[in-house]
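Here is the structure we will look at.
The values are calculated or read from the model by the stated rules, or taken from the named source; none is laboratory data. Because the structure is a prediction, the values reported are computed rather than measured. Note that we place each Cβ from the backbone using ideal geometry, even for glycine, and neighbour counts take in every protein chain shown. Note: areas computed on protein heavy atoms with side chains; ligands, DNA, RNA excluded. Shrake-Rupley method; radii C 1.70, N 1.55, O 1.52, S 1.80 Å.
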Amino acid sequence: MSLVLYDTLTRQERSFVPREEGKASLYICGPTVQGDAHIGHGRAAVVFDLLRRHLEWSGLEVTHVSNVTDIDDKIILRARRERVDPAVIATRYTRAWNRTMDALGVLPPHVQPYATGHLLEMQALITTLIEQGKAYAVDGDVFFRVRSFERYGRLSGRQVDDMQQGEDVVDADRKEDPLDFALWKAAKPGEPAWPSPWGDGRPGWHIECSAMAAKHLGHGFDIHAGGLDLVFPHHENEIAQHEAAHGGVFARTWVHNGMVRMGEEKMSKSIGNVVSLEDAIATYGVGPLRLWYLSAQHRTPLTFDTDRLHDATTVHARFTTFLRSARRAADGVEPAGDIATRHRDAFRAALDDDLNAPVAVASLHELVGVGNELLPAAERGDADARAQVAALADALEELGDRVLGLDLGGSLADAAGLEAQLGALVEQLLEQRQQARADRDFAAADAIRDQLAAAGVVVEDRPDGPRWYAGTPAGA
RNA sequence: GGCGGGGUGGCCAAGUGGUAAGGCAGAGGACUGCAAAUCCUUUAUCACGGGUUCGAUUCCCGUCCCCGCCUCCA
C-alpha cells in the first residue's frame, strides 16, 4: 500500500512502512472509564476506526490494542460520591463504552488491556527507570526525572527550559524538579492501593500506556494514536518512560485527531458543553453521524451543530436511496467489470493521502451520480445498464460500508424488515390509491399517501407504477 | 509569554506555482395530476499589504482575526 500519514513527532507526512511486512500494529489511547462517552470520544474512535479499516482493506493484518484506564483520580472521586467501590464505576463505564462503540460501528480492538491488570508490568518498568537513575522514590511516590531524558519535549515541540513552571505544582515539596511527573502514587487513606516495592499505592496515569503498549505490541510498534489534547503531557511522557528505560523507539508514527468544538469553543467536561455520544447516535443514526465525523480532515477542528448533522443526514439518504434503487433495478445481476474502478481508485488514493475522508466521500458522490444516470436504463431492463448499476452498488457498499462504516446496507436491511411486515397492508392501500388516481380523485389519492407517510412509508410514483419503502423522505 | 493549527462561493469542505474537487442550501429547467426521487444548467479570483516568479490562492515577510496545547481531557 502507499499510505502516507502525518506524523506528529516529525511534523511531516511520511510513507507508512510497517515494522513487519504485511502487518500493522496500532495502539489507540482508550477511555478513562469515569463517565459516559461524548461526541468528542466518538470522533477519535471513528477516525482511528477508519485508519484500521483502511489498513485492513489494503490487505494488512492489523493488531489493534486499545486500553481502558480503570484506576484514576476521577474514578475514585465518583465512587466516593456514589458511595460504591471504584471498581463498580470502572466496570459500569467500561461496559457502557463498549456498548456505545459497538453502536457506533467501531470495530472492537483485538486486545483491550486494563490498567489494573498490568500493575506488574508497570512496576517492572518503574524499577528499570529507578535502577538507571531516571526515576526516584520519595515517601512511597515515584517520580520520573524529566531532565534525565534528553529528548523530552520532542513530540510536543517544547524546550524543557521553556516549560511553564507554575506555582501550584502538585507534590512540589517532594519533586526534585517541578517538571517531574508521577510514575507511582503512594496510597492515601480510603483509596484503592496495590502493593509495590515502594509501598502500597497506585500507578500514575502515563505509565500504563507505556507498559501495556510494549507488552501487547512490542517495542517500536507502528502507530500510536489519540486525541490532539493527549500530545502533552500524556504521550510525551509515554515516550519518555519507554525510551528512557529501553532505548530505541517506542512508537514509529504518532497520529492525532483534532478536537470537536461547540460553536467557537472546544467541547469539554470542564466547560460543560458536552453532547453524549449515545444521544447523538440515537438522534442522527450511525451513518449520518459517521458522515459528519468524516466531513473534515481528521486533524482539523470539527464543529458540532445541527445544520451540519442535517447535511450529513441528507448525504446519507442520497447514498441509501441510490443503493435501494440500484438493488431493485439490478437484483441478482452479474456486475459489469470495471465501471467502478475509477471511483475505487480515487477513493483509495484519498485515504492513502493521510486519510483524506472528505475527498473519499466526494468519490462516492461521483459514483452515485454516475449510477443515477444509468438507473433509468437499468430500470427499463437494459442489460448493460443493469450490470453497471450492479457494479456501482457493490462498490458503494464496499467503500461506504466496509471502509467508512456508513451503515448503508444496514439501513436498507432494517427497512426491509419493516417492509416485510407492512407489505400486505401497504399494497392494499396503494391499490385503492391507484384506483383513485385513475378516477382523477387526487384528493383521495393524496390522503392515502399522506396517511402512509405519517406511518413511515414513503410512496413514489414511477413511470411503471408506484413504489414504496419504509423510511422518511430524504432531507426531512 | 512559549509551541502548534487555521482564515477558500450563502453554509460545510478539498486542493494546486499556471486562473479552484465534492456536498448542503438557493435559482431556473426536465420528469410528475401534484409530490418524491433523479437528471441538466447556474453562483468564488481563495483575510489584508508587500515580496520572489513569466505567472501565486498555493512560496517568503509583515498585519489583522479565529482556534488548540502549555493543568484532567478524545
Checking A:Val4 against (1) open to solvent by less than 10 Å² (accessible area, probe 1.4 Å); (2) in contact with an Asp or Glu (Cβ under 8 Å, 6 or more places away or on another chain), the condition it does not meet | (1)
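Give me a count of the residues in the stretch A:426-442 that are touching a strand residue (DSSP E or B) at 6+ places or on another chain (Cβ under 9 Å) and away from RNA strand B (no atom under 16 Å from the Cβ). Before you say what the answer is, go through the steps one by one.
Let us first name the residues in the stretch A:426-442 that are touching a strand residue (DSSP E or B) at 6+ places or on another chain (Cβ under 9 Å), namely A:426-427, A:429-430, A:433-434, A:437.
Narrowing further to those that are away from RNA strand B (no atom under 16 Å from the Cβ): A:427.
Residues meeting the conditions: 1.
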From the list A:Gly190, A:Gly153, A:Gly199, which one is within 16 Å of RNA strand B (Cβ to nearest atom) and of a type outside the set (Val, Ile, Thr)?
-> A:Gly153
From the set of residues in the stretch A:218-248 that are more than 20 Å from A:Asn67 (Cα to Cα) and open to solvent by 40 Å² or more (accessible area, probe 1.4 Å), which is farthest from RNA strand B (Cβ to nearest atom)?
-> A:Gly248
Residues that are away from RNA strand B (no atom under 12 Å from the Cβ) and surrounded by 12 or more Cβ atoms within 10 Å (Cβ to Cβ), drawn from the stretch A:443-459 | A:Gln451, A:Ala455, A:Gly456
Determine, yes or no, whether A:Glu176 is within 13 Å of RNA strand B (Cβ to nearest atom) and out of contact with any Phe, Trp or Tyr (no Cβ under 6 Å at 6 or more places or on another chain).
-> no
Taking the options A:Arg440, A:Arg402, name whichever one is farther than 17 Å from A:Thr314 by Cα, open to solvent by 60 Å² or more (accessible area, probe 1.4 Å) and in contact (Cβ under 8 Å) with a residue 60 or more places away in the chain.
-> A:Arg402
Can you tell me which residue in the stretch A:249-261 is farthest from A:Arg53 (Cα to Cα), limited to those that are in a strand (DSSP E or B), aliphatic (A, V, I, L, M) and more than 9 Å from RNA strand B (Cβ to nearest atom)?
-> A:Ala251
Subset tally (residues that are open to solvent by 10 Å² or more (accessible area, probe 1.4 Å) and in contact with a His (Cβ under 6 Å, 6 or more places away or on another chain)) for the stretch A:250-274 = 1
Please indicate, with yes or no, whether at least one residue in the stretch A:369-390 is of a type in the set (Lys, Arg), closer than 30 Å to A:Tyr293 by Cα and part of a helix (DSSP H, G or I).
-> no
Residues of the stretch A:323-359 satisfying the condition of being touching a His at 6+ places or on another chain (Cβ under 9 Å) and open to solvent by less than 10 Å² (accessible area, probe 1.4 Å) = A:Leu351, A:Asp354, A:Leu355, A:Ala357
Among the residues of the stretch A:294-315, count how many are within 10 Å of RNA strand B (Cβ to nearest atom), within 23 Å of A:Gly409 (Cα to Cα), open to solvent by less than 30 Å² (accessible area, probe 1.4 Å) and not small (Gly, Ala, Ser).
-> 1
Note on A:Gly59: of the conditions (1) within 23 Å of A:Ala282 (Cβ to Cβ); (2) open to solvent by 30 Å² or more (accessible area, probe 1.4 Å); (3) modelled with pLDDT of 95 or more, unmet is (1)
Mind counting the residues in the stretch A:332-356 that are within 12 Å of RNA strand B (Cβ to nearest atom) and part of a loop (DSSP other than H, G, I, E, B)?
-> 3
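What residue, of A:Leu396, A:Leu392, A:Leu422, is under 30 Å from A:Glu13 (Cβ atoms) and either modelled with pLDDT of 95 or more or out of contact with any helix residue (DSSP H, G or I) (no Cβ under 8 Å at 6 or more places or on another chain) (or both)?
That would be A:Leu396, the only listed residue that is under 30 Å from A:Glu13 (Cβ atoms) and either modelled with pLDDT of 95 or more or out of contact with any helix residue (DSSP H, G or I) (no Cβ under 8 Å at 6 or more places or on another chain) (or both).
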Taking the stretch A:366-381 and keeping residues open to solvent by less than 60 Å² (accessible area, probe 1.4 Å), without any contact (Cβ under 8 Å) to a residue 12 or more places away in the chain and within 8 Å of RNA strand B (Cβ to nearest atom) leaves A:Gly369
Test: residue in the stretch A:73-85 that is within 26 Å of A:Val286 (Cβ to Cβ) and either open to solvent by less than 20 Å² (accessible area, probe 1.4 Å) or in contact (Cβ under 8 Å) with a residue 40 or more places away in the chain (or both) | no
If you check A:Val286 against the conditions, is it outside the structural domain of A:Ala96 (by TED's automatic domain parsing), touching a Gly at 6+ places or on another chain (Cβ under 7 Å), in contact (Cβ under 8 Å) with a residue 40 or more places away in the chain and not charged (D, E, K, R)?
-> yes
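What about A:Val359, is it within 11 Å of RNA strand B (Cβ to nearest atom), under 19 Å from A:Gln297 (Cα atoms) and either part of a helix (DSSP H, G or I) or in contact (Cβ under 8 Å) with a residue 60 or more places away in the chain (or both)?
Answer is yes for this residue.
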Evaluate the following for A:Glu419: is it open to solvent by 60 Å² or more (accessible area, probe 1.4 Å) and either more than 23 Å from A:Val459 (Cα to Cα) or outside any loop (DSSP other than H, G, I, E, B) (or both)?
-> no
Positions within the stretch A:264-273 being touching an Asp or Glu at 6+ places or on another chain (Cβ under 9 Å) and within 21 Å of A:Trp97 (Cα to Cα), in sequence order | A:Ser268, A:Asn273
Within the stretch A:6-31, how many residues are in a strand (DSSP E or B) and among the hydroxyl-bearing types (Ser, Thr, Tyr)?
-> 4
Report whether or not A:Pro113 is crowded, with 21+ Cβ neighbours inside 10 Å and closer than 22 Å to A:His64 by Cβ.
-> yes
